[in-house]
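**Q** First the structure, which I've put down as C-alpha coordinates, then a few questions once you've had a look.
The values are calculated or read from the model by the stated rules, or taken from the named source; none is laboratory data. Owing to the predicted nature of the structure, the values given are computational and were not obtained by experimental measurement. Don't worry about glycine lacking a Cβ; one is built from the backbone with ideal geometry, like all the others, and counts go over all protein chains shown. The accessibility values were calculated without ligands, DNA or RNA, using every heavy atom of the protein model including side chains. Shrake-Rupley method; radii C 1.70, N 1.55, O 1.52, S 1.80 Å.
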Amino acid sequence: MDYQAIIDKYYPEDNALRHILLVHSRSVADKALAIAGQHPELEFDRRFIEEAAMLHDIGIVRCNAPGIQCFGSEPYICHGHIGAGMLLAEGFPRHARVCERHTGAGITREQILVKHLPLPMHDFLPETPEEKLICYADKFFSKSHLDHEKSLEEAETSLAKFGEEGLQRFRTWEQMFRIVPDEEDA
(Lines give C-alpha, C1' and ligand atoms only; values in the text may rest on other atoms or scores of the structure.)
Protein backbone atom coordinates (compact mmCIF):
# COMPACT_ATOMS: atom_id res chain seq x y z
CA MET A 1 0.00 0.00 0.00
CA ASP A 2 1.31 3.41 -0.93
CA TYR A 3 -0.63 5.87 1.22
CA GLN A 4 1.03 8.86 -0.42
CA ALA A 5 -0.22 7.77 -3.86
CA ILE A 6 -3.77 7.60 -2.49
CA ILE A 7 -3.42 11.05 -0.91
CA ASP A 8 -2.02 12.40 -4.19
CA LYS A 9 -4.97 10.92 -6.11
CA TYR A 10 -7.61 12.64 -3.98
CA TYR A 11 -5.58 15.77 -3.11
CA PRO A 12 -3.65 16.49 -6.33
CA GLU A 13 -3.33 20.25 -5.77
CA ASP A 14 -0.72 21.72 -3.47
CA ASN A 15 -3.22 23.79 -1.52
CA ALA A 16 -4.22 24.60 2.07
CA LEU A 17 -6.48 21.56 2.44
CA ARG A 18 -3.74 19.15 1.36
CA HIS A 19 -1.33 20.85 3.77
CA ILE A 20 -3.82 20.54 6.65
CA LEU A 21 -4.44 16.86 5.87
CA LEU A 22 -0.74 16.02 5.61
CA VAL A 23 0.35 17.87 8.75
CA HIS A 24 -2.54 16.60 10.87
CA SER A 25 -2.20 13.02 9.65
CA ARG A 26 1.56 13.00 10.19
CA SER A 27 1.06 14.26 13.76
CA VAL A 28 -1.46 11.51 14.46
CA ALA A 29 0.76 8.86 12.85
CA ASP A 30 3.83 9.95 14.81
CA LYS A 31 1.98 9.93 18.14
CA ALA A 32 0.41 6.54 17.41
CA LEU A 33 3.77 5.08 16.39
CA ALA A 34 5.47 6.49 19.50
CA ILE A 35 2.83 4.89 21.71
CA ALA A 36 3.09 1.61 19.80
CA GLY A 37 6.84 1.66 20.37
CA GLN A 38 6.26 1.91 24.12
CA HIS A 39 3.97 -1.14 24.09
CA PRO A 40 5.62 -4.11 22.38
CA GLU A 41 3.37 -6.38 24.47
CA LEU A 42 0.39 -5.23 22.37
CA GLU A 43 2.07 -6.49 19.18
CA PHE A 44 0.88 -3.60 17.03
CA ASP A 45 1.16 -3.71 13.26
CA ARG A 46 3.31 -0.59 13.01
CA ARG A 47 3.29 -0.40 9.21
CA PHE A 48 -0.50 -0.55 9.17
CA ILE A 49 -0.67 2.12 11.90
CA GLU A 50 1.35 4.54 9.80
CA GLU A 51 -0.66 3.86 6.64
CA ALA A 52 -4.06 4.05 8.34
CA ALA A 53 -3.16 7.13 10.39
CA MET A 54 -2.02 8.93 7.25
CA LEU A 55 -5.34 8.07 5.57
CA HIS A 56 -7.82 8.32 8.46
CA ASP A 57 -9.13 11.74 7.33
CA ILE A 58 -8.98 11.18 3.55
CA GLY A 59 -12.74 11.85 3.33
CA ILE A 60 -12.59 15.49 4.47
CA VAL A 61 -12.13 16.57 0.83
CA ARG A 62 -15.81 15.85 0.18
CA CYS A 63 -17.10 17.65 3.28
CA ASN A 64 -18.20 21.18 4.02
CA ALA A 65 -15.99 22.66 6.75
CA PRO A 66 -14.71 26.00 5.41
CA GLY A 67 -12.77 26.72 8.61
CA ILE A 68 -10.34 23.97 7.62
CA GLN A 69 -10.52 24.62 3.87
CA CYS A 70 -13.03 21.84 3.12
CA PHE A 71 -15.43 23.02 0.44
CA GLY A 72 -17.30 19.82 -0.41
CA SER A 73 -21.03 19.27 -0.01
CA GLU A 74 -21.33 16.65 2.75
CA PRO A 75 -21.66 17.28 6.50
CA TYR A 76 -18.31 17.02 8.28
CA ILE A 77 -19.59 14.28 10.63
CA CYS A 78 -19.66 12.06 7.52
CA HIS A 79 -15.94 12.37 6.71
CA GLY A 80 -15.05 9.02 8.25
CA HIS A 81 -17.81 7.15 6.47
CA ILE A 82 -16.92 8.90 3.21
CA GLY A 83 -13.24 8.11 3.66
CA ALA A 84 -14.11 4.47 4.31
CA GLY A 85 -15.92 4.35 0.98
CA MET A 86 -12.92 5.87 -0.76
CA LEU A 87 -10.52 3.33 0.73
CA LEU A 88 -12.88 0.42 0.04
CA ALA A 89 -12.89 1.53 -3.62
CA GLU A 90 -9.08 1.46 -3.51
CA GLY A 91 -9.17 -2.11 -2.14
CA PHE A 92 -8.19 -1.44 1.48
CA PRO A 93 -11.00 -2.61 3.78
CA ARG A 94 -8.84 -2.73 6.92
CA HIS A 95 -7.77 0.90 6.44
CA ALA A 96 -11.38 1.85 5.64
CA ARG A 97 -12.43 0.61 9.09
CA VAL A 98 -10.06 3.12 10.72
CA CYS A 99 -11.64 5.93 8.68
CA GLU A 100 -15.18 5.08 9.68
CA ARG A 101 -14.41 4.42 13.35
CA HIS A 102 -12.08 7.27 14.37
CA THR A 103 -14.60 10.11 14.78
CA GLY A 104 -14.88 11.20 18.42
CA ALA A 105 -14.14 8.08 20.43
CA GLY A 106 -16.38 6.18 18.06
CA ILE A 107 -20.05 6.74 17.33
CA THR A 108 -22.79 4.36 18.44
CA ARG A 109 -25.98 3.45 16.63
CA GLU A 110 -27.82 4.98 19.60
CA GLN A 111 -26.03 8.33 19.11
CA ILE A 112 -26.87 8.28 15.40
CA LEU A 113 -30.52 7.67 16.23
CA VAL A 114 -30.86 10.16 19.10
CA LYS A 115 -28.87 12.96 17.44
CA HIS A 116 -30.28 12.31 13.95
CA LEU A 117 -26.79 12.03 12.50
CA PRO A 118 -26.61 11.56 8.72
CA LEU A 119 -24.85 8.19 9.01
CA PRO A 120 -25.87 4.58 8.38
CA MET A 121 -27.62 3.10 11.37
CA HIS A 122 -24.90 0.99 12.97
CA ASP A 123 -22.06 1.29 15.46
CA PHE A 124 -18.84 2.95 14.32
CA LEU A 125 -16.68 1.94 17.27
CA PRO A 126 -12.96 1.15 17.13
CA GLU A 127 -12.49 -2.55 17.82
CA THR A 128 -8.94 -3.63 17.02
CA PRO A 129 -5.94 -2.35 19.00
CA GLU A 130 -4.76 -0.40 15.95
CA GLU A 131 -8.18 1.21 15.42
CA LYS A 132 -8.31 2.22 19.09
CA LEU A 133 -4.75 3.58 19.03
CA ILE A 134 -5.28 5.76 15.94
CA CYS A 135 -8.58 7.06 17.30
CA TYR A 136 -6.87 7.83 20.61
CA ALA A 137 -3.89 9.60 19.01
CA ASP A 138 -6.22 11.64 16.78
CA LYS A 139 -7.87 13.24 19.81
CA PHE A 140 -4.64 15.13 20.59
CA PHE A 141 -4.58 17.02 17.29
CA SER A 142 -6.93 19.52 15.70
CA LYS A 143 -6.98 20.42 12.03
CA SER A 144 -7.52 24.08 12.94
CA HIS A 145 -4.44 24.37 15.21
CA LEU A 146 -1.82 22.28 13.44
CA ASP A 147 1.08 23.42 15.60
CA HIS A 148 -0.49 22.40 18.93
CA GLU A 149 -0.67 18.99 20.57
CA LYS A 150 -3.48 18.96 23.11
CA SER A 151 -2.77 17.95 26.66
CA LEU A 152 -4.64 14.97 28.04
CA GLU A 153 -6.98 17.38 29.83
CA GLU A 154 -7.65 19.35 26.63
CA ALA A 155 -8.39 16.13 24.72
CA GLU A 156 -10.80 15.00 27.43
CA THR A 157 -12.53 18.40 27.49
CA SER A 158 -13.03 18.25 23.72
CA LEU A 159 -14.53 14.76 23.95
CA ALA A 160 -16.70 15.53 26.97
CA LYS A 161 -18.84 17.84 24.81
CA PHE A 162 -20.13 14.77 23.00
CA GLY A 163 -21.10 12.71 26.04
CA GLU A 164 -19.85 10.58 28.85
CA GLU A 165 -19.78 7.31 26.91
CA GLY A 166 -17.05 8.44 24.49
CA LEU A 167 -15.08 10.07 27.29
CA GLN A 168 -15.09 6.79 29.22
CA ARG A 169 -13.85 4.90 26.12
CA PHE A 170 -11.05 7.46 25.77
CA ARG A 171 -10.09 7.05 29.44
CA THR A 172 -9.94 3.27 28.99
CA TRP A 173 -7.56 3.80 26.08
CA GLU A 174 -5.49 6.19 28.21
CA GLN A 175 -4.88 3.34 30.64
CA MET A 176 -4.12 0.91 27.82
CA PHE A 177 -1.69 3.25 26.02
CA ARG A 178 -0.12 4.95 29.04
CA ILE A 179 3.50 5.80 28.42
CA VAL A 180 5.63 5.17 31.46
CA PRO A 181 8.51 7.66 31.64
CA ASP A 182 12.05 6.32 31.78
CA GLU A 183 13.52 6.36 35.27
CA GLU A 184 15.95 9.08 34.25
CA ASP A 185 12.99 11.22 33.00
CA ALA A 186 11.12 10.89 36.29
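**Q** Output the pairs from K132/K161; K115/K143; K9/K161; K115/K139 with a Cα-Cα distance over 26 Å in this structure; if there are none, say none. Don't skip to the answer; put the middle values down first.
**A** On the way: K132/K161 20 Å; K115/K143 24 Å; K9/K161 35 Å; K115/K139 21 Å.
Result: K9/K161 exceed 26 Å.
**Q** If you don't mind, there's one more thing I want to ask. Would you mind telling me which residue in H148, H116, H95 has the biggest mean-square fluctuation in a Gaussian network model of the chain, where springs connect alpha carbons within a distance under 10 angstrom?
**A** Looking only at H148, H116, H95, the largest GNM fluctuation is found for H116.
**Q** With θ set to phi - 60° and the Karplus curve 6.51 cos²θ - 1.76 cosθ + 1.60, what are the ³J(HN,Hα) couplings of the range 96-107 in order, to the nearest whole Hz, using x for Gly and Pro?
**A** 4, 4, 5, 4, 6, 10, 8, 5, x, 10, x, 10
**Q** If you don't mind, there's one more thing I want to ask. Work from the charge dipole of the chain (Cβ charges, +1 for Lys and Arg, -1 for Asp and Glu, about the Cα centre) and give the residue of P126, V23, P75 farthest towards its positive end.
**A** P75
**Q** Above 17 angstrom, tally the Cα pairs of the range 79-148 and express them as a % of all pairs, no decimals.
**A** Working: 1129 of 2415 pairs.
Result: 47 percent of Cα pairs exceed 17 Å.
**Q** In addition: Could you derive backbone 3J(HN,Hα) for the range 113-119 from the dihedral phi with the Karplus parameters 6.51, -1.76 and 1.60 (θ = phi - 60°), listing whole Hz in sequence and x where the residue is Gly or Pro?
**A** 5, 5, 8, 6, 6, x, 10
**Q** Shifting gears a bit: Which one of E149, E41, E127 has the biggest mean-square fluctuation once the chain is modelled by GNM with Cα springs under 10 Å?
**A** E41
**Q** Mind checking the per residue accessible area of the chain for me, 1.4 Å probe, whole number of Å²?
**A** Numbers: 9400 Å² over 186 residues.
On a per-residue basis, 51 Å².
**Q** Moving on to the next point. When the chain is modelled as a GNM with alpha-carbon springs shorter than 10 Å, which of A52, A32, A16 fluctuates the most?
**A** Fluctuation is largest for A16.
**Q** Over the range 96-179, with every protein chain in place, what whole percent of the accessible area is carbon and sulfur at 1.4 Å, could you tell me? Each step should come with its number before you reach the end.
**A** Working: 2290 of 4190 Å².
Accessible surface attributable to carbon and sulfur in the range 96-179 totals 55 percent.
**Q** With the contact rule set at Cα under 8 Å and sequence spacing of 6 or more, what percent relative contact order holds for the chain? All intermediate terms of the calculation are to be shown ahead of the outcome.
**A** Details: 266 pairs, mean separation 35.8, N = 186.
19 percent.
**Q** Next question. Count the net charge of all other residues whose Cβ sits under 14 Å from the Cβ of P93, scoring Lys and Arg as +1 and Asp and Glu as -1. Mind dumping the intermediate values first?
**A** Details: positive: R94, R97, R101; negative: E51, E90, E100, E127, E130, E131.
Counting the neighbours of P93, the net charge comes to -3.
**Q** How big is the dipole moment of the chain about its Cα centre under a simple scheme where the beta carbon of each Lys and Arg is +1, that of each Asp and Glu is -1, and everything else is neutral? Debye, nearest 20, please. Write out the running numbers ahead of the final one.
**A** Numbers: 20 positive and 32 negative charges, 156 e Å.
With only Lys, Arg, Asp and Glu charged at Cβ, the dipole is about 740 debye.
**Q** Which peptide among 160-172, 56-68 comes first, and what is the full order, when sorted by highest mean count of other Cβ atoms within 10 Å? Could the numbers behind the result be given before it?
**A** Details: 160-172: 15.3, 56-68: 20.0.
Per-residue mean Cβ counts within 10 Å order the peptides as 56-68, 160-172.
**Q** Turning to a different aspect of this structure: Under a cut-off of 12 Å between alpha-carbon atoms, report the aspartates and glutamates in cross-link reach of K31, not counting same-chain residues fewer than 8 places apart.
**A** Result set, ordered by chain and number: E50, D138, E149.
**Q** Let me ask another. Based on the Kirkwood radius over alpha-carbon pairs, what is the Stokes-Einstein translational diffusion coefficient of the range 41-186 at 4 °C with 1.567 mPa s viscosity, in µm²/s?
**A** Numbers: Rh = 16.0 Å.
After rounding, the answer is 81 µm²/s.
**Q** Using each residue's phi in the range 152-160, evaluate 6.51 cos²θ - 1.76 cosθ + 1.60 at θ = phi - 60° and report the 3J(HN,Hα) Karplus result to the nearest Hz, with x for Gly and Pro.
**A** Listing the rounded values in order: 4, 5, 5, 5, 5, 4, 4, 6, 4 Hz.
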